[in-house]
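One structure is given here, and the rest of the page talks about it.
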Amino acid sequence: MNFLSILAVEWKKLRRSRILLILGIAAVMLWIPSVLNADLNFGMQAEGISPEHSFLIQGFLGMAWFMFPASMVVSTVLLAQTERTNHGILRMLALPVSTGRLCLAKYLILLGLAAIQILMMTGMYYISAAIASQTQNYEFLLPPLFVLAQAGKLYVSSLPMIAFFWMLSVCIQTPIFSVGIGLASIVPSVLMINTKAWFLYPMDYPFYVITAKYGELASNLSETGIELFPWIPAAVVFTGICLAVSCMCFGRNESRRKEIEKMKQSMRGVLTAISSVMMFLPWTIFIMRENAWALESPAAEIVIGSYAAYMIFSGVFTFGVYMKGRVQNHLMKICLVVNELYAVAGVMALVMMTVGKVM
């Protein structure tokens, strides 16, 4: 199976999930406040930015700081959970494909989801700007090339952040912890963009890019420049580390579980075999009693008592394996019935021997 085939399979899985619906809802929610408060953009002219640019930038700031990263956190966890549900990842790991390829394929699917959401949000911008233009009697719509350029910068700058979120979903099996850490990592972005070390924290990249554009458009604000060095090398290294860790950890826990399950299956087979042998051992008493000494007291009582104790033990052992060990195949059910009958017979034999001695 080549890499393109893997991507096609992963995309088919994605179409059956609700991730796209969640991304669409997030895109709609983002622009509702912008439409309702469109009149506030006229007050931004004091900062040297036009209302139409303010309308776009304010929406993109909300998208870059929280809505888009939060959507990616949820998407990464849902994408990982689609495989873990119903043990789908075990079937996937059984394919003649390296886990590294599978991990990278899912990361590319995640990047596709990010592109789709940014396109959704960009489309919602034009719908919202058109509505605001009608309600405020002012043209808020900007040229498509300008808007798409800002959306493209936002997308490219988010690649390291998405790699980090993907690493979290792969390495942390519990969804609530993965989502919690991912969402918590978004909050410090507001603080990090105001430091000289902003390039060391990839979760602030999208927000920093839009903030820099805001400073460029607002003539009365100090302009925040973007220096490609050391930003680009740091972003590349961070993305590489996150993807390397993801590829190494992808499917590792599931593979261990698969090995443990194989061991459990082998153990079930051994326990079934032991219980099966236990069904036949009580019949050896007839062979034992062909010896003259086994018919004389006290050897006869010792032999009968030993076999009775063994029959009780076999009944208890089989019952424990069936109930506690969850070994419940068809052969084990037969063993359970037979050995429990043996256990009852063993108890009756011991009672009769005890009563006979007392009498």
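The values are calculated or read from the model by the stated rules, or taken from the named source; none is laboratory data. Note that the coordinates shown come from a computational prediction; the quantities given were computed from them, not determined experimentally. Reconstructed Cβ throughout: ideal geometry from the backbone, glycine too, with neighbour counts over all protein chains shown.
Quick look at the numbers
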item: Candidate set from region 199-242 (those that are β-branched (Val, Ile, Thr) and either in a helix (DSSP H, G or I) or exposed (fewer than 12 other Cβ atoms within 10 Å of the Cβ) (or both)); member that is farthest from the chain's Cα centre (by Cα); result: Thr211
item: Matching option when the condition is closer than 30 Å to Ala80 by Cβ, modelled with pLDDT of 95 or more and either of a type outside the set (Phe, Trp, Tyr) or crowded, with 21+ Cβ neighbours inside 10 Å (or both), among Ser169, Ser158, Ser185, Ser178; result: Ser158
item: Residue match in region 93-107 (condition: at pLDDT 90 or above and within 22 Å of Ala149 (Cβ to Cβ)); result: no
item: Selected residue [farther than 20 Å from Ala27 by Cα, of a type in the set (Ser, Thr, Tyr) and without any contact (Cβ under 8 Å) to a residue 60 or more places away in the chain] from Tyr138, Tyr208, Tyr214, Tyr155; result: Tyr208
item: Selected residue [assigned by TED's automatic domain parsing to the domain that holds Cys242, closer than 24 Å to Val190 by Cα and not in a helix (DSSP H, G or I)] from Ile49, Ile57; result: Ile49
item: Any hit, region 316-338, residues being part of a helix (DSSP H, G or I), modelled with pLDDT under 85 and in contact with a helix residue (DSSP H, G or I) (Cβ under 7 Å, 6 or more places away or on another chain); result: no
